[in-house]
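Following: one structure in structure tokens, then a few remarks.
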Amino acid sequence: MDGSLEKMVDPTLAEMGKNLNEAMKMLEDNQRKVEEENEKKYARKDIPGPLQGSGQDMVSILQLVQNLMHGEEEEETSQSYRLQNVGEQGHMALLGHSLAAYISVLDRERLRKLTTRILSDTTLWLCRLFRYENGSAYYHEDDREGLLKICRLVIHTRYEDYTLEGFNVLYTKQPVIYISSAARTGLGQALCNQLGLPLSCMCRVPCNTMFGSQHQMDVALLDRLIKDDVEFGKLPLLLVANAGTPGAGHTDKLGRLKELCEQHKMWLHVEGVNLATLALGYVSSSVLAATKCDSMTLTLGSWLGLPAVPAVTLYRHEDPSLSLAAGLTSSQPVEKLRALPLWLSLQYLGHDGIVERIKHASQLSQRLLENLKNLDFIKTSVEDELSSPVVVFKFFQEYSNKDQTSHAAQASTIQHPIISNEGHIYDTFNQWLGEQLAQLVPASGVDVVELEDEGTCVRFSPLMTSAVLGTEIQDIDHLVDCLKMKIPVLTSTLQLREEFEQEVRRTVSLLYIEDLGWPGLGVVRYNYHSDEKNDDKQEKELEKINTELLKKLNELESDLTFSLGPEFGGQKNCVYIGMVTEDLDVSELVETIAATGREIEENSRLLENMTEVVRKGIQEAQLQLQKANEERLLEEGLLRQIPVVGSVLNWFSPFQASPKGRTFNLTAGSLESTESMYVSKAQGTGSTPPTTPSSSLAKQRLPGQKAFKRSLRSSDGFSETSSISHCDDLDKLDQRPPNLSPGQEQGPLDMERAEEQKEVVQAKTDTEDIHSDQSPPDCTKAEEQASPR
């Protein structure tokens, strides 16, 4: 083009055009570079660090995932335990998620055929395994989502115009969903929120109070509630029953409930851990009735130890269009791939593997139940002792140290504090017991559960935990051994709580704090009395004394645990005492706490008064020194004060002056004469400081015996040791240390005497002879000396 331009126009113009093109190209290149640099600056500033640049390699990403998984874990926890016993069957489930992502990119026709085959196979296998014939399946991640879809299906079925009119048809005839009071916490509220229904549409059915299990739904009361709702123009819609309540693992009377639902044209949905036993050869009649229900939810992941597999809701319904409208079926092939992890895992385990895992969990429950029957102070709560897969037990002791007569008398007094508080105390102790067992035997999977009638209990549900944690028979034996170790501690603490409370209430300086939520001997506070009107200052002083008291108690060699209590909800400025054993000397413990608190309080007051005492001591010392200087001037005469004349006069006639020193007693806060010091070389005169009250803290113990332990020697042993001959007394007297005076013995008395000497704080200071124009002496040295020149 440039050649043709040169032929057509003048060469000068062609050259100018060429230069113009080059100039424009240079400007465009510079503008493009500026835009690229601006884009880079924008990217570096706003794009997160891991996404900047051209990406990261696979090794770095996997290393980051590993650090996120295990970086914040404690080093003691082994990696195998963190991974929750993921075996080969777990690897198959994890492989299913990867294959589902890979299969989803296939062409549409091939994807449709494959997903249909996977969904139909998995549904057929589950229906055969759990005896649920002619059923359909819905696979979901949240175990409540299946029940939610079932509710929508029933609404579409009972309200024919619901698709067209929506909530208007519900307004004219309000639906009612019935759930048991033993159902999962928050289940009814979650259903109402997702369905857009008011809470008045949810009816909680109480459990039995007179006959049958206290965790089963009261069928007669349910029948009466349904009839009342029909009379008020409501529509009974659905009943949620349990085959294994979340708390105690009890099964409702499913046969009678099914008859009641058929009578009122209601839908019966069943859920619970006991549904897993439907796969076994022998199934109890109460659980077998679940096969006649309209729908059931299975949580195979926890039962078989399969990670990240969906829950399954099996249901029977004849209209596929309503199932599609309720969301139980989907036309999207990718939605059907949720069943792929189960499809792989079930084939890998096979029928024998599935039955073996469920049977193993039942055997663990029976092993624990048999051992618990032989333990005292353990109360079990199971529905069927022969086949119950859930074991619930608690520590219980009927009114320790009281016979049946006193027990009946106290039971008749409703307002008795022991009776009214006993349930709270047992709940606290069982909470502590469950936490201790879970910590000591983590592979057992025990946890703490709150039941409406029994209170706080320890629950063992191996169907929910054993496959994941890998629980074995030896873990159950270890659990029983740990339980046997904790029972004596619980009984001893429960028996000594009342004695500890009485001892503390009898002690003037201590205040007993009643905290029913503390699992231990009790709570005590050193009662600090002060004339200070400032509440904040008094509160700080109280906190300071009790904190120091806690520190002193923890320094003692004992088996007790002293703490500030729970992190949340505890009392302030208190000493919490943990669990104890039967050999605890409660009186010695209370005396030690009181004496230690008094010592801390006196030391605190001494430090508070130290400034004022020292200031007054300095003023008094200045006055006395000034007076002594004036007296010395009068005795020596005026001539001795002249420098040259005084030296000559002192040489011819030395002036002998007796030293008149002073000692400052910090405890008494007074100046005392030191004349006796120059005679006996010891300060044997003067006022005796007050002694600190002491108790039997220095109680003589056997070698290796820790503090607060009762002596194991009998009374005869004490009488024998008390009869010592006069020769033995002389031998002990001769063997005493040189610093002991006659009549003193070694042992606890020496320790008590040493404590008394430590509490007497005296500051003895000497000062040299000074003239009246010299500065006053130091506050801790107020001794005056007059030396001849």
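The values are calculated or read from the model by the stated rules, or taken from the named source; none is laboratory data. None of the values given here were measured: they were computed from a predicted structure. Every residue, glycine among them, receives a Cβ derived from its backbone with ideal geometry; neighbour counts consider all protein chains shown. SASA here: full protein model, heavy atoms, side chains in, ligands and nucleic acids out. Shrake-Rupley method; radii C 1.70, N 1.55, O 1.52, S 1.80 Å.
What to note about this one:
- Checking the cross-link pairs LYS540/LYS706; LYS379/LYS484; LYS486/LYS552; LYS484/LYS552; LYS292/LYS336 against a 22 Å limit on the alpha carbon distance flags LYS540/LYS706; LYS486/LYS552; LYS484/LYS552; LYS292/LYS336 as lying beyond it.
- When both bridge partners sit in the stretch 178-332, DSSP labels roughly 30% of those beta bridges antiparallel.
- Karplus-derived HN-Hα couplings along the stretch 51-65 (A = 6.51, B = -1.76, C = 1.60, θ = phi - 60°), whole Hz, x at Gly and Pro: 9, 6, x, 9, x, 10, 7, 5, 5, 5, 5, 5, 5, 5, 5
- Extension gain, SER509 to GLU543: 0.36 nm times the residue separation minus the Cα-Cα distance gives 10.7 nm.
- log₁₀ of I(q)/I(0) at q = 0.19, 0.23, 0.24 Å⁻¹ - the stretch 470-557, Debye sum with one point per alpha carbon: -1.00, -1.19, -1.22
- Packing-based order for 237-245, 291-299, 111-119, using average beta carbon neighbours within 10 Å, highest first: 237-245, 291-299, 111-119
- Heavy-atom accessible area per residue - the stretch 274-370, 1.4 Å, Å²: 38
- Computed extension length for SER200-THR185: 3.7 nm, one decimal, from 0.36 nm per residue of separation with the Cα-Cα distance subtracted.
- Estimated translational diffusion coefficient (Stokes-Einstein, Kirkwood radius over Cα pairs, 10 °C, 1.306 mPa s) of the stretch 264-395: 91 µm² per second.
- Inter-label distance, nm, simple model (7 Å from Cα along the C-beta direction), LEU95/LYS379: 5.1
- Spatial separation of Cα centroids for the stretch 311-381 and the stretch 541-571, in angstrom: 49
- Relative contact order %, the stretch 281-360, counting alpha carbon pairs below 8 Å whose residues are six or more apart: 24
- What the Cα convex hull of the stretch 162-320 gives, in volume per residue, is 142 Å³.
- Peptides 442-453, 51-62, 273-284 ranked from most to least packed give 273-284, 442-453, 51-62, packing being the mean of other C-beta atoms within 10 angstrom over each peptide's residues.
- Stretch gain in nm, segment GLU356-LEU564, where the contour uses 0.36 nm per residue and the Cα spacing is subtracted: 70.0 nm
- Karplus-derived HN-Hα couplings along the stretch 454-462 (A = 6.51, B = -1.76, C = 1.60, θ = phi - 60°), whole Hz, x at Gly and Pro: 7, x, 7, 9, 9, 10, 10, 10, x
- When you filter the trypsin sites (Lys or Arg not before Pro) in the stretch 444-506 for DSSP loop state and at most 12 other Cβ atoms inside 10 Å of their Cβ, nothing is left.
- Accessible area of the stretch 160-236 belonging to carbon and sulfur atoms, whole % at 1.4 Å probe: 54
- Whole-Hz Karplus values for the stretch 319-331 come out as 9, x, 5, 5, 5, 5, 5, 7, x, 6, 10, 9, 8 Hz, taken residue by residue from phi with 6.51 cos²θ - 1.76 cosθ + 1.60 and θ = phi - 60°; glycine and proline positions read x.
- Peptides 388-397, 142-151, 178-187, 191-200 ordered by packing proxy, namely the average of other Cβ atoms within 10 Å per residue, highest first: 388-397, 142-151, 178-187, 191-200.
- For the stretch 469-538: accessible area per residue (Å², 1.4 Å): 51
- For the stretch 111-170, convex hull of alpha carbons as volume per residue, Å³: 138
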